[in-house]
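Peer 1: Can you read through this structure? Questions will come right after.
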Amino acid sequence: MLYYVEVGCRFTDEYGDINEPFYNNMESMYESALKFIAKNKEQQQYSERCHQIAKNAVEGWGFRDQLEGLFDDYMIS
């Protein structure tokens, strides 16, 4: 799930701004990954990777803000 979001972020870096449904899909997958990580108490192992995804996300459609908010919700204890 994290790889899917990483590839989506790279895609927007390469090809520019996409559309809102694309970003909604990436946000949904990122949240699913974070929920899975939190449920299995693996935050310490995945925290840096998840933070990098949020930090490196593009600004389009509030995408970065949403990922950072999700990171704070699930990974900051």
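Read-outs: derived from the displayed coordinates by stated rules, not from any lab. This is a predicted model, so every value here is computed, not measured. Because the Cβ atoms are built from the backbone with ideal geometry, glycine has one as well, and the counts that use them run over all protein chains shown.
Peer 1: Can you name every residue in the range 1-36 that is part of a helix (DSSP H, G or I) and among the polar types (S, T, N, Q)?
Peer 2: Step one: filter the range 1-36 for residues part of a helix (DSSP H, G or I), giving 2-15, 20-36.
The answer is 12, 24, 25, 28, 32.
Peer 1: Another question, then. Does residue 75 meet the test of being without any contact (Cβ under 8 Å) to a residue 60 or more places away in the chain and in contact with a Ser or Thr (Cβ under 6 Å, 6 or more places away or on another chain)?
Peer 2: Details: without any contact (Cβ under 8 Å) to a residue 60 or more places away in the chain: yes; in contact with a Ser or Thr (Cβ under 6 Å, 6 or more places away or on another chain): yes.
Against the criterion (without any contact (Cβ under 8 Å) to a residue 60 or more places away in the chain and in contact with a Ser or Thr (Cβ under 6 Å, 6 or more places away or on another chain)), residue 75 qualifies.
Peer 1: Output the residues belonging to the range 3-49 that are under 12 Å from residue 75 (Cβ atoms) and aliphatic (A, V, I, L, M).
Peer 2: Matches in the range 3-49: 33, 34, 37, 38.
Peer 1: Give the range 30-66 a look and list any residue that's under 15 Å from residue 3 (Cβ atoms), surrounded by 15 or more Cβ atoms within 10 Å (Cβ to Cβ) and not small (Gly, Ala, Ser), or say none.
Peer 2: Of everything in the range 30-66, those that are under 15 Å from residue 3 (Cβ atoms), surrounded by 15 or more Cβ atoms within 10 Å (Cβ to Cβ) and not small (Gly, Ala, Ser) turn out to be 30, 34, 37, 46, 50, 53.
Peer 1: Check whether at least one residue in the range 24-44 is at negative phi, within 12 Å of the chain's Cα centre (by Cα) and of a type in the set (Val, Ile, Thr), and report yes or no. Write out each step before concluding.
Peer 2: Residues of the range 24-44 at negative phi: 24-40, 42-44.
Adding the requirement that they be within 12 Å of the chain's Cα centre (by Cα) leaves 24-35.
Restricting the remaining residues to those that are of a type in the set (Val, Ile, Thr) gives none.
Looking through the range 24-44, none of the residues is at negative phi, within 12 Å of the chain's Cα centre (by Cα) and of a type in the set (Val, Ile, Thr).
Peer 1: Consider only pairs whose beta carbons are under 8 Å apart and that are at least six residues apart or on different chains; among these, list those whose first residue lies in the range 18-42 and is free of Cβ contacts under 8 Å to residues at least 60 places away in the same chain and farther than 11 Å from residue 8 by Cα and whose second residue is among the acidic types (Asp, Glu) and surrounded by fewer than 20 Cβ atoms within 10 Å (Cβ to Cβ).
Peer 2: Listed pairs, sorted by first residue: 34/73.
Peer 1: Would you mind stating whether residue 60 is of a type in the set (Gly, Ala, Ser), closer than 19 Å to residue 24 by Cβ and touching a residue at least 24 places away in the same chain (Cβ under 8 Å)? Before you say what the answer is, go through the steps one by one.
Peer 2: Values: of a type in the set (Gly, Ala, Ser): yes; closer than 19 Å to residue 24 by Cβ: yes; touching a residue at least 24 places away in the same chain (Cβ under 8 Å): yes.
So residue 60 passes the test.
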